[in-house]
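The values are calculated or read from the model by the stated rules, or taken from the named source; none is laboratory data. Bear in mind that the values here come from a model prediction, so they are computed numbers and not experimental data. Heads up, the Cβs are rebuilt from the backbone with ideal geometry, glycines too, and the neighbour counts pull from every protein chain shown.
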């Protein structure tokens, strides 16, 4: 844009002097409108909206962003969707905000989807839709472009606590510790982790965690956390330590995207304490030996059968019959193995080879079943939430003749473990992946 007013306003904008920048942009709008080139109006209204949102004038910012969207020549619409949705969150129009956040996420070229996911989490939490909020925070934490996943994980942990799912909250807070956080972030995480341990009945762990916090000079527990600390002590037979002061607490202010910033009353939902990975009657490859036996071993099996037949005076056609029995038995074993989900290579091999290739930025086409352009587009979105690590363990597997589902543990290079539910589909005698979904402790079941 060729405008002295715009240039001067931008200098103020970059110096974070938003009132001065706003004056300059309005002056540009008034004096230079007739000389605007295609896209200039959208850019100017975008900047005006940014100034207004920084000044917490949300209604005016929303109006400005909506005007920016009317400029068909302006090509930064995805950023406007996110900013407009943020302003709508600020004025309590959460459903409309969710719609614009989702518009931004629909853009496969959007470089920072974590921003939209964090906003989605905020909107859903304010509407007390905590399951949807948790999903959004989880996606924000997994986004590789997110420079601060700790913030998303803190909100995720608090959301799980709100839902009455302390085991999942524990896992979220432990994931933060894998980032080796320090200072106030560390102490805040430990405080919430201690409370989650108490809610889960893990009093030993809670006591150790709280005492880690209390050992810090510049941080003390909130009154709610201290009450949980006393509860843990009493449960372990240590008694009450008396009154407690929170005057020196040096904690972070509540995040506007966290559930506690919206409501002090949370619904009490029943928590499913089952943490089993699920079982199933999947036969081990060694149960039949067919896929592991060598040619010599198979031939020896045939010779033993022939010797047995000769001892029984089976000659002529009976010998031929014995050979046919062996062939039929082998075919039956193959058919049985096929119906039980066994393949070449196995599901476990396909899963591990997929993660190895993905971690090395190699093609994963031979491991993923994508038959249409829509499948390939969905694949790109799915991979945004998949960790790049070749350190993979298949924990459990359930199979039918045509589909398989597995739970896998993926150890991150920086520490910590993520858990995925992977769905595979039969592709002739082998398997290919058709879906990957992140799961947490209470969800670690194959089905």
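Worth a mention:
- Residues in the range 206-221 that are outside any helix (DSSP H, G or I), exposed (fewer than 15 other Cβ atoms within 10 Å of the Cβ) and touching a helix residue (DSSP H, G or I) at 6+ places or on another chain (Cβ under 9 Å): 216, 218.
Residue by residue, here is whether (1) touching a residue at least 60 places away in the same chain (Cβ under 8 Å); (2) within 20 Å of residue 419 (Cα to Cα); (3) more than 20 Å from the chain's Cα centre (by Cα) holds:
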| site | (1), (2), (3) |
| --- | --- |
| 162 | yes, no, no |
| 176 | no, yes, no |
| 182 | no, no, yes |
| 185 | yes, no, yes |
| 197 | no, no, yes |
| 225 | no, no, yes |
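- Where residue 108 falls short, out of the listed (1) without any contact (Cβ under 8 Å) to a residue 40 or more places away in the chain; (2) under 22 Å from the mean Cα position of the chain (by Cα); (3) not in a helix (DSSP H, G or I): (1)
- Residue 107 in contact with a helix residue (DSSP H, G or I) (Cβ under 7 Å, 6 or more places away or on another chain) and farther than 23 Å from residue 5 by Cα: yes
- Complete set of residues in the range 58-101 that are outside any helix (DSSP H, G or I) and surrounded by fewer than 19 Cβ atoms within 10 Å (Cβ to Cβ): 70, 72, 73, 75, 76, 91, 92, 93
- Of the listed requirements (1) over 13 Å from residue 5 (Cα atoms); (2) crowded, with 19+ Cβ neighbours inside 10 Å, residue 55 misses just one: (2).
- Of residues in the range 419-442 being in contact (Cβ under 8 Å) with a residue 60 or more places away in the chain and either under 24 Å from residue 200 (Cα atoms) or not assigned by TED's automatic domain parsing to the domain that holds residue 377 (or both), the one surrounded by the most Cβ atoms within 10 Å (Cβ to Cβ): 440
- Among residues of the range 30-46 that are more than 22 Å from residue 60 (Cβ to Cβ), none has a beta-carbon under 7 Å from a residue that is surrounded by 11 or more Cβ atoms within 10 Å (Cβ to Cβ) and at pLDDT 95 or above at least six positions away or on a different chain.
- In the range 127-151, of all residues being in a loop (DSSP other than H, G, I, E, B) and touching a residue at least 40 places away in the same chain (Cβ under 8 Å), the one that is surrounded by the most Cβ atoms within 10 Å (Cβ to Cβ) corresponds to 143.
- Flag: residue 113 matches the condition of being touching a helix residue (DSSP H, G or I) at 6+ places or on another chain (Cβ under 7 Å) and closer than 26 Å to residue 62 by Cβ.
- Yes/no for residue 138 being under 21 Å from residue 381 (Cβ atoms), in contact with a strand residue (DSSP E or B) (Cβ under 7 Å, 6 or more places away or on another chain) and not assigned by TED's automatic domain parsing to the domain that holds residue 189: yes
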